[in-house]
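Here the structure comes first, spelled out in structure tokens, and everything after it is commentary.
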Amino acid sequence: MASHASLTSPTTFRISHVNSLSDEDFITTFGNVIEHCSLVAAAVVSSRPFHSLQHLHAEICSFIDELPVKGREGILRSHPDLAGRAAVAGQLTQESSQEQKSAGLGNLTQQERSNLDLMNTSE
């Protein structure tokens, strides 16, 4: 299995390493680039070799942009609600927790949390 640390460390990250990963290791490593949606990594793995990190990013964006509306809605629905039940229960991934914390969602008043809960459940 590929080491996540070796891929994320600025001193050791190489696109050649990404290109040499097995399909399984690529999907494991990049499967959470869109939280709870490893399908994105599984779809772009066949676009290798990537010429750069920007090329990998462009392939991910292109895949998402080319999805039908229902596919993009599905990705959004699979993402944890902002400051929702998973956040309150401490069940977010480390990335999501940090993302929500940096957005100030960990310091909401009860009224703000109630308003956000209402928005999370409305269509």
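Quick note: the coordinates plus some simple rules give every number you see, no bench work behind them. Computed from a prediction, not measured in an experiment: that's the story for all the values here. Counting neighbours? That spans all protein chains shown, and the Cβs are built from the backbone with ideal geometry, glycine included.
Some values worked out for this structure:
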item	result
Summed residue charge, Cβ within 11 Å of Thr93's Cβ, Lys/Arg positive, Asp/Glu negative	-3
Environment charge of Ala43, counting only residues whose C-beta is closer than 13 Å and scoring Lys/Arg +1, Asp/Glu -1	-3
Extension gain (nm, one decimal) between Asp25 and Ser46, 0.36 nm per residue minus Cα-Cα	6.3 nm
Matching label, semi-axes √(5λ) of the Cα gyration tensor in Å computed from the structure shown, candidates (1) 31, 18, 11; (2) 33, 22, 18; (3) 36, 17, 12	(1)
Among Glu112, Glu24, Glu59: highest mean-square fluctuation, GNM of the chain, C-alpha pairs under 10 Å	Glu112
